Ligand code: GLN
């Protein structure tokens, strides 16, 4: 299968702040920016398949309303009038919310997710819903019922997943920012593959209300952007307590970083910042050489900026993967029970004589793709009588061990530096026949979700592979509710693309 290569994203593409300045100066209107985004989506989507749905008319209506507010002197703030995209597991009371599943192919949510609503209340324009792995289960966006998304840097490669459509849309500069969700790496890994910034906030930082649940104790919504300052800005709008999500935290939200974040946090914390480097990850033979080189350069950049580097020990990422896939599948098997063709989802046509049990079975067999079925079965098995102790409870103990190890490490350093992924974007179909190989993609990301910590993935370098320049991302993991300092620190290693 071949696809026409899309236009390369311009290296100096504007971020949300730049675009907001154009609106403020009157150089462009929201309708101009929105028409540009829609035109880019229409032009590139046949090659990238980044969008499941493009909201042409609604986006123009929202843009005109924003322009109207601005001309009346009632602009809602820095996001007012800026086009962005939403991952298709974030409910919107407009259009469809499919989670890239046949089951929800024609599902229309009666309400809008809190995080999306907060952005809409701040005036953003939603240009469309982005492609993803079905129900956010995957690391390549190949598990979508609507076909895979392709990487804008090399269309023969995956964009990562599960928020691959959001990352491809930002990486291809269709929009400057998008929301994704991260249960075990689904914001950070695709951001790394597509050369974007991807922020997974602290668990509880952003309301999960209206995010179609995969694994509720791990899921977080977060931004995928072109700059750290945009990630900070979007986080400041979507974060904060929501009475509709009992796990959302009351912790106050720090204001966005200054336009150009300083290389070290400007808080009262004693200088210089200390960066932890996990000993076992350094020079791991499991990493692509370009990733190991980028990790060393990032550590060096921190040292040059005055930071202290300390080696730390963390639990083996492969144990974290085992614990993660048990816990995530267990929670998924329970969360996805609601999709039965009666309460939610497409109903199988089984004829008048069949019973309810048969209706459930046929609807779920026809509606769910193979990876979702595999995880429901795995999750049901690890929770079943006789096995729960061996698998589920052991995984919960491992999770607690991992959480404590990260907590202890973050007592000795301000942030932990590690790769976002073991290698750059891989080829389409390279890992589809081997689920375990695909699960290993998450070796650096899942521990962070198990520990509930914030982490940001930033583009730090690119590797020349097969004549293409593929982005390499590094990850910084921070202390709970300390996204502000984390983003400031990350500016030390971020590749300057703007
Ligand atoms: N790749 C991981 C999984 O398939 C993470 C997915 C996610 O973060 N939604 O579970």
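No value in this document is a laboratory result; all are computed from the given coordinates. Computed from a predicted model, the values in this text were never measured in an experiment. Note: ideal-geometry Cβ built from the backbone for every residue, glycine included; neighbour counts use all protein chains shown.
Miscellaneous remarks
- Helical runs assigned H by DSSP (4 residues or longer) give the chain a calculated mean residue ellipticity at 222 nm of -11000 deg cm²/dmol, each run adding -39500 (n - 2.57) before division by the residue total.
- From most to least packed by mean Cβ count within 10 Å, the peptides 33-42, 180-189, 194-203, 224-233 give 180-189, 194-203, 224-233, 33-42.
- For 137, 418, 132, order by how many other beta-carbon atoms lie within 10 Å, fewest first: 418, 137, 132
- Computed packing ranks the peptides 304-312, 319-327, 422-430, 205-213 as 205-213, 319-327, 422-430, 304-312, most packed first, by mean other Cβ atoms within 10 Å.
- In this calculation the C-beta distance from residue 436 to residue 337 is compared with R0 = 25 Å, giving a FRET efficiency of 0.45.
- Theoretical FRET efficiency, 1/(1+(r/R0)^6), r = Cβ-Cβ of residue 353 and residue 58, R0 51 Å, to 0.05: 0.75
- q = 0.14, 0.18 Å⁻¹, the range 392-498: log10 I(q)/I(0) [Debye, one scatterer per Cα]: -0.68, -0.98
- If both residues of a DSSP beta bridge must be in the chain, then about 70% of such bridges are antiparallel.
- With a Förster radius of 35 Å applied to the C-beta separation of residue 28 and residue 93, the computed FRET efficiency comes to 0.80.
- Gyration tensor over the Cα atoms of the chain: the corresponding equivalent ellipsoid has semi-axes (square roots of 5 times the eigenvalues, largest first) of 31, 29, 22 Å.
- Averaging 1/r across all pairs of distinct Cα atoms in the range 342-442 and inverting the result yields a Kirkwood radius of 18.1 Å.
- Dividing the alpha-carbon radius of gyration of the range 131-207 by the rule-of-thumb value 2.2 N^0.38 Å gives 0.98.
- Residues 144, 457, ranked from the fewest to the most other C-beta atoms within 10 Å, line up as 144, 457.
- Shape index of the range 34-129: Rg/Rh, with Rg the Cα radius of gyration and Rh the Kirkwood radius from the inverse mean 1/r over Cα pairs, equals 0.99.
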